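Following: one structure in structure tokens, then a few remarks.
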């Protein structure tokens, strides 16, 4: 359950604040999917992480999980009306991401590589006790 003392930004990030949830919603915007289809369309995600994120999205009212009483079990996932309202937000994020990648190109890649190199350098300068904290 969401806490009432959170601001709107915190609520948004609580509901869809990581790459997997956004990719799951993005995939379900194309229609109802079974677990295997979702796993394939979302990409390099483990079964455990996918299951966990699907449960969280279901708890927060973004998607519906429908279980069919048959053997082998059949489970389908689809967005709720509230979940479908995320479409313009995700479309905007994709548009911004494409524009960012086009404008920043090699610069952004270099920027992220420099961050990784700096973290490695910083980690190398820490004592064993500092690394474990």
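The values are calculated or read from the model by the stated rules, or taken from the named source; none is laboratory data. These numbers come from a predicted model, not from an experiment. Don't worry about glycine lacking a Cβ; one is built from the backbone with ideal geometry, like all the others, and counts go over all protein chains shown.
Would you confirm, using the coordinates I've provided, whether residue 49 is touching a helix residue (DSSP H, G or I) at 6+ places or on another chain (Cβ under 8 Å), modelled with pLDDT of 95 or more and surrounded by 11 or more Cβ atoms within 10 Å (Cβ to Cβ)? Yes, satisfied. Within the stretch 25-41, the residues that satisfy the criterion of being farther than 16 Å from residue 74 by Cβ, touching a helix residue (DSSP H, G or I) at 6+ places or on another chain (Cβ under 6 Å) and outside any loop (DSSP other than H, G, I, E, B) are 26, 27, 41. The residues of the stretch 52-66 that are surrounded by fewer than 17 Cβ atoms within 10 Å (Cβ to Cβ) and closer than 20 Å to residue 84 by Cβ, listed by number, are 55, 58, 59, 61, 64, 65, 66. Selection of the stretch 78-105 for residues being in contact with a helix residue (DSSP H, G or I) (Cβ under 8 Å, 6 or more places away or on another chain) and closer than 14 Å to residue 60 by Cα yields 78, 79, 83, 86.
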